[in-house]
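The values are calculated or read from the model by the stated rules, or taken from the named source; none is laboratory data. Bear in mind the structure is a predicted one, so any value in this text is a computation, not a measurement. Glycine also receives a Cβ, built like all others from the backbone with ideal geometry; neighbour counts cover every protein chain displayed. Areas reflect the complete protein model, heavy atoms only, side chains present, ligands, DNA and RNA absent. Shrake-Rupley method; radii C 1.70, N 1.55, O 1.52, S 1.80 Å.
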Amino acid sequence: MTRLPRVVIAAPASGQGKTTVATGLMAALRARGLTVSGHKVGPDYIDPGYHAVATGRPGRNLDPHLQGEERIVPLLRHGANVPAPADIAVIEGVMGLHDGAIGREGFASTAHVARLTRSPVLLVVDVSGASRSIGALVHGFAGYDPELTIAGVILNKVGSETHEAEVRQAVARTGVPVLGALRRDASLDTPSRHLGLVPAAERGAAARRTVDALGGQLARAVDLDAVLAVARHAPELPAGQWRPAEEVPRLPPVTVAVAGGSAFTFRYAETDELLAAAGLRVVPVDPLRDEELPPECAGLYLGGGFPEVYAAELSANARLRDAVGRAARGGMPVVAECAGLLYLCRDLDGHPMTGVLDASARMTGRLTLGYREAVAAGSSLLAEPGTVVTGPETVVTGHEFHRTRVEYGGDRVPAWRFRPRPSRPHGLDATVEEGVVDGNLHASYLHVHWAGHPALAARFVTAAARYAGVPAPAIRNC
């Protein structure tokens, strides 16, 4: 058993200020000289980017749907120990405290992760539209789940000293302490667009200034000593840490490229760690700027991001588009998720892309969002038909999050078949086919966390080694 000071930042609903408080708290604690590990409940890529700016180390996700309940504590411990042991872990929640996967009784909610990690919860409450009623709200949250400890409240968007005093007096009746109060400050708002906040990687120095300002605000408005006391009273965690080297075969050095830059900001930190643990040289490639793939490249991972925002610039980089097209048609292993899928199409909103797929992509006004349970529709780079060996279940868990649509021009072998949600009729007639596979190419809208499904990573690295002509073990049937 080992002790890790930790705290979960939660809220009654979305839009209450969790990201503001969590990111500012990380920055304020780091400014005190502490080593802080930042984590995000759920599949979100954007908030961990701001956590990384605040902490100076990779932002991490904790998601029972994507990773499996049994991996949550090992992944928390991994994130808190890599690249160096942290003094405290700050875990930002998702949506409302008890809101999780639809139809699954709060599975993968912030409360679920708080229970799995035995972490105390700080409740962030937007008080701009109420005063004494906040006491009733806190009272309800404090007593709703006896397995959770609501250890404190942070008031957000306080209007005045009088307003703050009224709210504090009401909350005091609940026995839950108020650990801080933030005034309204529009200057600290982070710009947003169609899928949420603009990623920190796109904002550069502006993101650093925003995070520094949030850290200063939290240091003034929140009792950091009280927060640390709460975190240090978190109970011990079971021993056992996620180790990527135990999940993938060790291979001779092979070079693989991973898409990065402003258009491709969505990639989980553990993806790179799994590839590196297999002995691969992981080389970032910016499709907006770089004109060639790295020398002797034997694999390409195109993750998520915002290619629709940068379609013209991506199209203008014809040399890299051509290089990717030649590599994919030549049999190089290529995995493309969401943004990567769009980049492989003939065009995106009329702008020429790589043309690897007989498909056209465009922006729509419809948001596609949700967890998925999928099986492989056919033999592919990542999986064998119908099975992924992850335990008692034979499914791949992932999520979708986009406002684009891909229209395919001809016959295709789909990458995945989605399981219907529990609330929908079961059977093949309710199954959705998605993505495309073709030889060593696997492209789909589905985002999969490879720490939760390491067999996919093992198949990719093995395929890259074989493409490079170096000895590789048999591909695991997954």
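Going by the conditions given, is Ile9 under 30 Å from Ala205 (Cα atoms), open to solvent by less than 40 Å² (accessible area, probe 1.4 Å) and not in a loop (DSSP other than H, G, I, E, B)?
Criteria met by Ile9.
Test Leu66 against the stated conditions and say whether it is open to solvent by less than 30 Å² (accessible area, probe 1.4 Å), touching a residue at least 60 places away in the same chain (Cβ under 8 Å) and either within 22 Å of Arg372 (Cα to Cα) or in a loop (DSSP other than H, G, I, E, B) (or both). Judged against the criteria, Leu66 is a match.
Being in contact (Cβ under 8 Å) with a residue 12 or more places away in the chain and either part of a helix (DSSP H, G or I) or not aliphatic (A, V, I, L, M) (or both) holds for only one residue in Ala234, Ala170, Ala229, and it is Ala170.
Taken over the range 76-87, the criterion of being surrounded by fewer than 24 Cβ atoms within 10 Å (Cβ to Cβ) and of a type in the set (A, V, I, L, M) is satisfied by Val82, Ala84, Ala86.
Counting only residues that are surrounded by fewer than 24 Cβ atoms within 10 Å (Cβ to Cβ), in contact with a Lys or Arg (Cβ under 6 Å, 6 or more places away or on another chain) and outside any strand (DSSP E or B), the range 332-360 holds 2 of them.
The lone criterion from (1) open to solvent by 40 Å² or more (accessible area, probe 1.4 Å); (2) under 24 Å from the mean Cα position of the chain (by Cα); (3) more than 19 Å from Trp450 (Cβ to Cβ) left unmet by His233 is number (2).
Yes or no: the range 209-217 includes at least one residue that is of a type in the set (Lys, Arg), at pLDDT below 95 and in a helix (DSSP H, G or I). Yes - at least one qualifying residue is present in the range 209-217. Every condition in (1) over 19 Å from the mean Cα position of the chain (by Cα); (2) modelled with pLDDT of 95 or more; (3) closer than 23 Å to Gly398 by Cβ; (4) not aliphatic (A, V, I, L, M) holds for Arg104 except the one numbered (2). Of the numbered criteria (1) over 29 Å from Gly261 (Cβ atoms); (2) at pLDDT 95 or above; (3) surrounded by fewer than 24 Cβ atoms within 10 Å (Cβ to Cβ), the one Thr2 fails is (2). Restricting the range 49-63 to residues that are without any contact (Cβ under 8 Å) to a residue 60 or more places away in the chain and crowded, with 22+ Cβ neighbours inside 10 Å leaves a set whose member that is nearest to Trp450 (Cα to Cα) is Leu62.
So for the range 304-313 (the condition being among the aromatic types (Phe, Trp, Tyr), open to solvent by 30 Å² or more (accessible area, probe 1.4 Å) and outside any strand (DSSP E or B)), does at least one residue qualify? Within the range 304-313 (the criterion being among the aromatic types (Phe, Trp, Tyr), open to solvent by 30 Å² or more (accessible area, probe 1.4 Å) and outside any strand (DSSP E or B)), the answer is yes, since at least one residue qualifies.
The condition of being out of contact with any helix residue (DSSP H, G or I) (no Cβ under 8 Å at 6 or more places or on another chain), open to solvent by 50 Å² or more (accessible area, probe 1.4 Å) and touching a residue at least 12 places away in the same chain (Cβ under 8 Å) holds for only one of Arg209, Arg243, Arg220, Arg289, that being Arg289. Taking the numbered list (1) open to solvent by less than 10 Å² (accessible area, probe 1.4 Å); (2) touching a residue at least 60 places away in the same chain (Cβ under 8 Å) in turn, Glu296 passes all entries but (1). For Tyr371, the test of being of a type outside the set (Asp, Glu), surrounded by fewer than 24 Cβ atoms within 10 Å (Cβ to Cβ) and either under 26 Å from Val283 (Cα atoms) or free of Cβ contacts under 8 Å to residues at least 12 places away in the same chain (or both) is failed. Tell me which of these Ala327 doesn't satisfy, since it passes every other one: (1) within 25 Å of Gly59 (Cα to Cα); (2) buried (at least 21 other Cβ atoms within 10 Å of the Cβ). The single condition Ala327 does not satisfy is (1). Within the range 101-126, the set of residues being part of a loop (DSSP other than H, G, I, E, B) and open to solvent by less than 20 Å² (accessible area, probe 1.4 Å) comprises Ala101, Gly106, Ala108, Ser109, Ser119, Pro120.
Going through the range 431-446 one residue at a time, which ones are under 30 Å from Leu76 (Cβ atoms), open to solvent by less than 10 Å² (accessible area, probe 1.4 Å) and in contact with a helix residue (DSSP H, G or I) (Cβ under 8 Å, 6 or more places away or on another chain)?
Ser444
Considering only the range 399-432, state which residues are under 30 Å from Glu70 (Cβ atoms), over 18 Å from the mean Cα position of the chain (by Cα) and modelled with pLDDT of 85 or more. If the condition is that a residue be under 30 Å from Glu70 (Cβ atoms), over 18 Å from the mean Cα position of the chain (by Cα) and modelled with pLDDT of 85 or more, then Pro414, Ala415, Trp416, Arg417 are the ones that fit. The set of residues in the range 28-44 that are out of contact with any Asp or Glu (no Cβ under 7 Å at 6 or more places or on another chain) and open to solvent by 30 Å² or more (accessible area, probe 1.4 Å) comprises Arg30, Ala31, Arg32, Gly33, Asp44.
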